[in-house]
Amino acid sequence: MNTFEKGQIKILVYRDDAEAVWYATALELNLTIDGDDKNSVILELDRAITEYVDSARVIGSVSLLNQSPDPELLALWQAKISSVSEDAGISSPYTIHLAATESLVYG
């Protein structure tokens, strides 16, 4: 469970090939950034996470740091982490670039 003192979130970076759009998502925050450039969306997600956590702290709501992730995105994250290919049952219109876990230090 994420708190204001420590936490960990799942990060997924993927591309919608049909639309040629990159997405970077912080799963437990339900926070997604989209754009034309992979590196830009990763950088913007990092900034958005910092601002989001700061806002949650001001509001005083730790529940904002522990939201239920989108089931489809969570399945894609788990498949990538487990090195499971799309042929193993995960069908998606997205190309996954990165699935990672990021430790957060809030204070």
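The values are calculated or read from the model by the stated rules, or taken from the named source; none is laboratory data. Keep in mind the model is a prediction, meaning the values are calculated, not measured. Here the Cβ positions follow ideal geometry from the backbone for every residue, glycine too, while neighbour counts run over all protein chains shown.
Summary table below
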quantity: Residues of segment 17-37 that turn out to be assigned to a strand (DSSP E or B) and either under 19 Å from P71 (Cβ atoms) or β-branched (V, I, T) (or both), as a count; calculated: 8
quantity: When residues of segment 50-94 are limited to those that are of a type in the set (S, T, Y), loosely packed, with under 14 Cβ neighbours inside 10 Å and closer than 17 Å to K10 by Cα, the one modelled with the lowest pLDDT; calculated: S83
quantity: Selection from segment 45-55 of residues that are in contact with a helix residue (DSSP H, G or I) (Cβ under 9 Å, 6 or more places away or on another chain) and without any contact (Cβ under 8 Å) to a residue 12 or more places away in the chain; calculated: S55
quantity: When residues of segment 95-107 are limited to those that are in contact with a strand residue (DSSP E or B) (Cβ under 9 Å, 6 or more places away or on another chain) and over 22 Å from W22 (Cβ atoms), the one modelled with the lowest pLDDT; calculated: Y106
